[in-house]
1. Taking the highest mean first, how do the peptides 22-33, 51-62 order by number of other beta carbon atoms within 10 angstrom per residue?
2. Measuring from label point to label point, each 7 Å out along Cα→Cβ, what is the SER29 to GLN232 span in nm?
3. Please give the length that would be gained between THR194 and HIS156 if that part of the chain were fully extended, namely 0.36 nm times their separation in residues minus their C-alpha to C-alpha distance (nm, one decimal).
4. List the aspartates and glutamates whose alpha-carbon lies under 16 Å from that of LYS54, not counting same-chain residues fewer than 8 positions away?
5. Roughly how many Å² is the accessible area per residue of region 154-266, as a whole number, for a 1.4 Å probe?
6. Using a basic spin-label model with each label point 7 Å from the Cα along Cα→Cβ, how many nm lie between ARG36 and ASN55?
7. Taking the Cβ of ALA221 as the centre, find all other residues whose Cβ is under 11 Å away and add up their charges (Lys, Arg: +1; Asp, Glu: -1).
8. What number comes out for the charge environment of GLN253, summing +1 per Lys or Arg and -1 per Asp or Glu over other residues with Cβ under 10 Å away?
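The values are calculated or read from the model by the stated rules, or taken from the named source; none is laboratory data. Here the structure is a predicted model, which means the values were calculated and not measured. Cβ: placed from backbone, ideal geometry, glycine included. Neighbour counts: every protein chain shown. What goes into the accessible areas is simple: the full protein's heavy atoms, side chains included, and nothing from ligands, DNA or RNA. Shrake-Rupley method; radii C 1.70, N 1.55, O 1.52, S 1.80 Å.
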Amino acid sequence: MTLKIAIAGCTGRMGLTLVKTVRANKHVSLVAGSERPEFDENAARALLETAGCKNLFVTSDPDTLAEQADAVIDFTSPAATLAVAKAVAKRGGIHIVGTTGFSSAQQKELESYASQARIVQSGNFSLGVNLLETLVEQAAKILNESYDIEIFEVHHKHKKDAPSGTALMLGNAAAKGRGVSLKDKKVSARDGITGERKDGDIGFSVLRGGDVVGLHNVMFAGPGEVIELKHQGFNREIYATGALHAALWAKSQKPGLYSMKDVLGL
């Protein structure tokens, strides 16, 4: 049976990419989208037409959105995502979450809905990035603390959270490989006289500018050598394709919180 898909934030940059990707896949059907309560119907219609989609049902109500579909794909904001998560959980549906920037309390709330819904959450739905995550964990496990770990990321100027969800995903992979907590080892800002770097720190560097889709570089700087693991995304379709793959995978799963590593069997 064809999986019915709804897209939260359907007229945003990622939303429009998802519209195109879902419409091009014969195993799913696009049935609805959502926008903010103050959305302009005519403006939304015009934007959707640029993605080759006319007359899509668009609502600002999370419950109405969830009622239309088997799965909601969501790359919006933490507050909006939690509202959708609650609505999806009521129906025992599928929620694909690419939203980043959750606070600890918001993350806990999202996870609470996994007792009823099938939630796949990832800081990045790209196959390449998820492979990179596995490689970073392996490298951190093999290389001791004499190899300093630095994570460098670049995104477009409109991105609101920093470091990116992907960078944090990679940082957690490095910490896991070392058997430590990222919270204890994370260094995300350096300015002025900072003193020498501490062994075992995991550093983050962030750049925002232009329309860069996403660049992530994990550097292991050791005695006499540097090892770099790098991924660059050139378009948003890689994330949309991964999110759609996750939705199809979740169709046969029990309620729970899953990651792209679960989806890909990594």
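1. Descending mean neighbour count gives 22-33, 51-62.
2. Rounded to a tenth, the inter-label distance reads 4.2 nm.
3. 10.9 nm
4. GLU35, ASP40, GLU41
5. Ligands and nucleic acids excluded, the result is 55 Å² per residue.
6. Here the modelled spin labels are 3.0 nm apart.
7. With Lys, Arg at +1 and Asp, Glu at -1, the neighbours total -3.
8. Counting the neighbours of GLN253, the net charge comes to +2.
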